[in-house]
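Participant: Supplied in structure tokens, the structure appears directly below.
The values are calculated or read from the model by the stated rules, or taken from the named source; none is laboratory data. Since the model is a prediction, treat every value here as computed from it, not as a measurement. Please note: Cβ atoms are built from the backbone with ideal geometry, for glycine as well, and neighbour counts cover all protein chains shown.
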Amino acid sequence: MGVSRRKALKDLALGLALACWPGLARATGAGSGDPSAMDLAMQGQLLLAQGRGTEAVAALGKALSLEPESGWAWGLLGRAHILAGDPDQARTCFLMAVSLDPSDTYSQMMAEQVGRGSALPGLPGQDQLEDLEQQAQAERERFAMQGHAQDFVFRRVALDPGHGGFDPGAIGPTGLKEKDVALDIVRRTASLLERHAPGLDLLLTRHEDFFLPLSARTAAANQFGADLFVSLHVNAATRAGANGVETYFCSEQASSAGAERVARSENRALQYEDVQASPGLVSIEDILFRFERTRYWRAGAGAAAMAQARLVELLPGLENRGVHSANFVVLRKARMPAVLLETGFISHPREEARLRGTARRQEIAGAVAQAVVDMARQGVEP
């Protein structure tokens with residue numbers, strides 16, 4: 001993209017944001033401590049979920065002033081302008097999103113809706129539109145026709161170390177924290193994949209010890225265009241002798257009481273977030289995704305089976321606890337096959353001691369990396 005177009009995009013982003021929140025002008029100065037474009041876009045997404053349209057406009061406008069080629073952020077800004085009651089600006093943003101990312105069917109649909117002067121989804125007090133339901137049905141049919149005969153192929157992989165920052169995750173008998181173990185194992189996994197599978201593009205949702213909301217992890221993977229999402233965790237139980245490895249994929253209902261317990265534990269990080277949607281808002285994005293997700297979740301089941309097989313094979317001595325499913329927040333809105341790995345029990349005294357050492361972590365990383373390579377080579381049926 002040329003310098004002149006990049007500047008025009010930056011100016012447009014700031015102009016759209018300032019139209020709804022002039023106070024943003026005092027916050028656009030660059031500095032070493034300023035948040036990144038991704039941070040600001042994530043903030044805007046969370047503000048949208050809370051129904052705070054004007055504040056979302058400001059955050060996303062600043063994000064786009066830093067990274068004007070982000071079609072994802074332009075789409076979010078369009079939604080923010082709808083919520084803020086400015087359909088003209090919303091249409092401009094949706095058209096920009098489509099120009100940068102022609103596969104963004106949601107933004108294309110919204111631009112058409114606004115252009116026809118239709119009532120806008122997402123505005124308080126409006127009923128869901130029949131034509132939008134028809135659009136959703138069309139999406140469902142398109143996915144049914146195009147996708148089911150073709151395997152998923154994995155070339156871009158998002159690796160997600162569970163927990164982080166002020167969310168320690170599970171804590172072992174002597175104080176070892178899940179967040180630290182997960183981060184180290186994911187770093188080791190990435191290093192192995194970079195060395196032995198250089199054709200893969202990798203994203204780590206976090207590289208350091210900081211808190212990242214569950215929804216932001218999936219959003220980052222979606223923006224990256226990941227073909228596979230792997231969230232790595234270490235299990236815990238009230239029974240000190242519990243041990244083994246298990247792998248999860250997403251489903252509406254938990255496959256067992258044990259799976260429900262694990263999902264509740266991993267979803268507990270929601271207590272650190274304030275992402276409740278405002279009452280009365282209609283999310284057409286959710287309607288469309290409801291039809292896509294069956295395919296992703298079904299492929300997630302296949303990916304989970306492959307991952308579990310490698311974990312059991314390459315981590316001898318750990319009980320094979322099988323493949324299960326539950327409604328994990330971190331997997332729920334992934335637009336790709338997604339799995340959550342529970343790689344041992346930090347609550348088991350002997351296993352905690354082993355997890356403190358580099359040898360065990362390297363073993364787990366090797367098993368995870370091999371599972372990813374298997375999927376990249378063989379694909380997974382939807």
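Participant: Could you say whether any residue in the range 159-174 is closer than 18 Å to Arg335 by Cβ, out of contact with any Pro (no Cβ under 8 Å at 6 or more places or on another chain), in contact (Cβ under 8 Å) with a residue 60 or more places away in the chain and crowded, with 21+ Cβ neighbours inside 10 Å?
Facilitator: yes
Participant: Then there is this: Would you mention how many residues in the range 306-325 are under 23 Å from Ala226 (Cβ atoms) and in contact with a strand residue (DSSP E or B) (Cβ under 6 Å, 6 or more places away or on another chain)?
Facilitator: The qualifying residues number 6.
Participant: Can I ask one more? Out of the residues in the range 214-235 meeting the condition of being assigned to a loop (DSSP other than H, G, I, E, B) and surrounded by 21 or more Cβ atoms within 10 Å (Cβ to Cβ), tell me which one is farthest from the chain's Cα centre (by Cα).
Facilitator: Asp227
Participant: Just wondering, is there one or more residues in the range 318-332 that are more than 15 Å from Gly300 (Cα to Cα), acidic (Asp, Glu) and crowded, with 18+ Cβ neighbours inside 10 Å?
Facilitator: The answer is no, given that none of the residues of the range 318-332 is more than 15 Å from Gly300 (Cα to Cα), acidic (Asp, Glu) and crowded, with 18+ Cβ neighbours inside 10 Å.
Participant: To continue, here is another question. Can Arg268 be described as free of Cβ contacts under 8 Å to residues at least 24 places away in the same chain and farther than 28 Å from Ala73 by Cα?
Facilitator: In short, no.
Participant: Something else: Inside the range 243-290, can you point out the residues that are modelled with pLDDT of 85 or more and of a type in the set (Phe, Trp, Tyr)?
Facilitator: If the condition is that a residue be modelled with pLDDT of 85 or more and of a type in the set (Phe, Trp, Tyr), then Tyr248, Phe249 are the ones that fit.
Participant: Here's something else I'd like to know. In the range 354-382, how many residues are part of a loop (DSSP other than H, G, I, E, B) and within 24 Å of Thr294 (Cβ to Cβ)?
Facilitator: The number of residues fulfilling the criteria is 3.
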